[in-house]
Ligand SMILES: [Zn+2]
């Protein structure tokens, strides 16, 4: 997957440049644990901080609107934090959407009658806990399978006594699948999903569903 990086883009943190654009590529200096932050920042630069993409309302002095970034495919369903999956939304739209899939939210917004909207929401809340298998929800073309031996990792992974690890274990045991794909750069350098890699290593799972960002590169 190619992410759109604004020309001349730089991301500065504590007076250090930790990411920058070069020939359409996003270069990340080592791994600073700021990957999500950079993805949010790029999205705001592309799509702005002033307009809700769902209801079309615009932030103004008369009607101040707090704009946040919504995960189009919700995080709880494996939706990654990358510009393709982020969209500026006002608080009202963001909280109304909750963890609906884009299709569900489109269908919900098409309903005009208040009572029917309520019915839709009730039905959604009744079934939402059954639809957590992201494999059926994220676009197929985003995901590939990466052999674990091809992955590069900069940090020493060992701690299995974390809430995150236990959640992944619980999810994998129940669904025989990871709760979300991991994200790597063009050489297989892991940007997001370290705990998943650790779990896979410990359990001899050979391949991990991966989103490969072809124009992102970690440099040293
Ligand atoms: Zn809105």
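All but one of (1) assigned to a loop (DSSP other than H, G, I, E, B); (2) more than 16 Å from the ligand (Cβ to nearest atom) hold for residue 84; which doesn't?
(1)
When the residues of region 142-153 are narrowed to those that are in contact (Cβ under 8 Å) with a residue 60 or more places away in the chain and assigned to a helix (DSSP H, G or I), which ends up farthest from the chain's Cα centre (by Cα)?
148
Quick test of your reading of the structure: residue 67 fulfils all but one of (1) under 18 Å from the mean Cα position of the chain (by Cα); (2) within 11 Å of the ligand (Cβ to nearest atom); (3) closer than 28 Å to residue 140 by Cβ. Name the failing condition by number.
(3)
Report, by residue number, each residue of region 17-54 that is free of Cβ contacts under 8 Å to residues at least 40 places away in the same chain, exposed (fewer than 14 other Cβ atoms within 10 Å of the Cβ) and within 27 Å of residue 94 (Cβ to Cβ).
Correct list: 33, 50.
So, of the residues in region 183-205 that are in a loop (DSSP other than H, G, I, E, B) and out of contact with any strand residue (DSSP E or B) (no Cβ under 6 Å at 6 or more places or on another chain), which turns out to be surrounded by the fewest Cβ atoms within 10 Å (Cβ to Cβ)?
Selected residue: 204.
Could you list, in sequence order, the residues of region 176-200 that are in contact with a helix residue (DSSP H, G or I) (Cβ under 9 Å, 6 or more places away or on another chain) and farther than 11 Å from residue 151 by Cα?
Selection gives 177, 178, 179, 180, 181, 192, 195, 196, 198, 199, 200.
Quick note: the coordinates plus some simple rules give every number you see, no bench work behind them. Given the structure is predicted, the values throughout are model-derived calculations rather than measurements. Every residue, glycine as well, gets a Cβ built from its backbone with ideal geometry; the counts of neighbours run over all protein chains shown.
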